Each structure stands twice: as C-alpha cells, then as structure tokens.
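The values are calculated or read from the model by the stated rules, or taken from the named source; none is laboratory data. Only a predicted model underlies this, so the values are computations on that prediction, with no experimental measurement involved. Virtual Cβ from ideal backbone geometry, glycine too; neighbours counted across all protein chains shown.
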C-alpha cells in the first residue's frame with residue numbers, strides 16, 4: 001500500500017464521521033413581553049381572579065417550526081392556588097403560512113396527567129412537555145383539531161407550523177384566585193438541528209488527510225513526468 005494512502009483514507013473517514021454526527025439541540029432565545037410592552041429581566045408575577053387573567057409572552061427570536069422542537073418546559077413558583085381549573089397553561093401561537101403573522105394557536109396544560117390540577121405550592125418544573133403524550137394535555141381547537149388530545153396529534157397537525165411565541169396564561173376561569181412567579185428563563189425550549197459541530201480533532205484529521213492526499217497526487221505526477 002502506498003504510504004500516502006492511509007492519511008487519505010483517514011481524511012475520507014473523518015468526513016464520513018462528520019456527516020454521521022447525531023443531531024444536536026439548539027436552545028431558543030426569547031423576548032419577554034406582557035400587555036404588549038417589553039418587560040425587564042424578571043422574575044414576573046402573574047395573578048388571576050374570577051374575572052381577570054395574566055399573560056407572560058415568550059416571543060421567539062428565531063424562526064422554528066413546531067415539528068422541529070426538541071423540548072419545551074416551564075419552571076414556576078406557585079405562590080397561591082396552584083395550577084389547574086384553567087391555569088396555568090402554555091398558549092402556542094402559530095404561523096401556518098410563514099408570513100410572520102399569527103393565524104392560530106393551541107394550548108398545552110400544565111400539571112399531572114389526567115386531572116392537570118396540582119394545588120401544591122412552591123417551585124415546580126413541568127418536565128419536557130413534548131415527551132408527555134397523555135390524552136387531554138393538548139387543546140388543538142384553535143387550529144382545527146380536537147380539544148382533548150395529545151402531543152402526537154399536535155405534531156401531526158402543526159408539524160410545519162411556525163411558532164411565533166409561547167404565552168404563559170394564568171386564568172382562574174371563575175374559580176379560585178391564583179398567583180405564580182416565573183423567571184426570565186422560566187420557559188425553556190430547544191429545536192433539533194441537522195448536524196452537530198465537528199470536534200477539533202476531526203477537523204485536524206481531515207486537514208492532515210487532505211494535505212497528504214494532495215502530496216500523493218503531486219508525487220504521482222512527478223513520477224509520471226520522469227518516466228514519460
């Protein structure tokens with residue numbers, strides 16, 4: 001075997017390895033607003049009574065389709081009333097035709113599966129809501145789907161819909177008053193991307209290998225010139 005062949009093969013192997021890198025997840029960034037005005041760094045207190053509600057908006061700073069989301073979670077501090085009976089929930093505001101204008105929305109309920117009611121006070125984390133495929137957590141009525149369904153149905157219906165923002169809605173629906181506090185980074189989401197970032201060693205191996213392959217080609221041309 002030619003002594004330059006091994007580096008060339010190594011270069012090709014490095015390229016193949018780079019192409020085969022698993023998908024990574026990129027964290028989304030948001031601008032927080034409430035009542036239409038950009039707000040400060042938080043934390044934010046949301047309150048609701050039997051006739052009022054509060055909304056905290058997490059506006060996407062980058063385009064993403066619902067089907068490309070890898071995770072979605074909310075961390076909050078239930079100060080009074082807990083969750084359930086309509087509050088709190090996440091309103092996913094969508095852009096089906098990708099013109100930058102909202103044209104629908106659907107709801108994701110917080111709390112335990114089945115009842116979605118949790119009167120326990122204190123700090124809670126929803127966990128990855130996209131991994132919770134229980135029936136009833138999703139209300140797709142705002143985009144023409146079922147009002148009592150699951151993540152898979154949301155994925156099937158809204159896979160290609162752009163997500164403009166996630167709005168955390170605290171609404172007592174005529175029931176008991178509620179209060180919760182959410183930090184600036186209380187809502188976290190990530191999207192799947194098509195490839196990972198190559199390790200420095202992979203780049204180095206590829207560069208060395210291609211250099212050696214070039215040297216091999218030059219040597220062959222030199223030998224051919226001498227024997228012609």
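Among residues belonging to region 43-53 that are touching a strand residue (DSSP E or B) at 6+ places or on another chain (Cβ under 7 Å) and surrounded by fewer than 21 Cβ atoms within 10 Å (Cβ to Cβ), point out the one that is modelled with the lowest pLDDT.
Filtering first and then ranking leaves 53.
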Count - residues of region 59-84 that are closer than 14 Å to residue 170 by Cβ, surrounded by 19 or more Cβ atoms within 10 Å (Cβ to Cβ) and in contact (Cβ under 8 Å) with a residue 40 or more places away in the chain
6
I'm trying to understand the selection: among the residues of region 1-37, which are within 30 Å of residue 123 (Cα to Cα), surrounded by fewer than 17 Cβ atoms within 10 Å (Cβ to Cβ) and either modelled with pLDDT of 85 or more or over 23 Å from the mean Cα position of the chain (by Cα) (or both)?
26, 27, 29, 31, 33, 34, 35, 36, 37
Of the conditions (1) at pLDDT below 95; (2) touching a strand residue (DSSP E or B) at 6+ places or on another chain (Cβ under 7 Å), residue 71 clears all except one; give me its number.
(1)
Any strands (runs of 3 or more DSSP E) falling wholly within region 114-228 and containing at least 2 residues that are modelled with pLDDT of 80 or more, out of contact with any helix residue (DSSP H, G or I) (no Cβ under 8 Å at 6 or more places or on another chain) and surrounded by 18 or more Cβ atoms within 10 Å (Cβ to Cβ):
162-171, 178-182, 187-192
So residue 105, is it within 19 Å of residue 78 (Cβ to Cβ) and at pLDDT 95 or above:
no
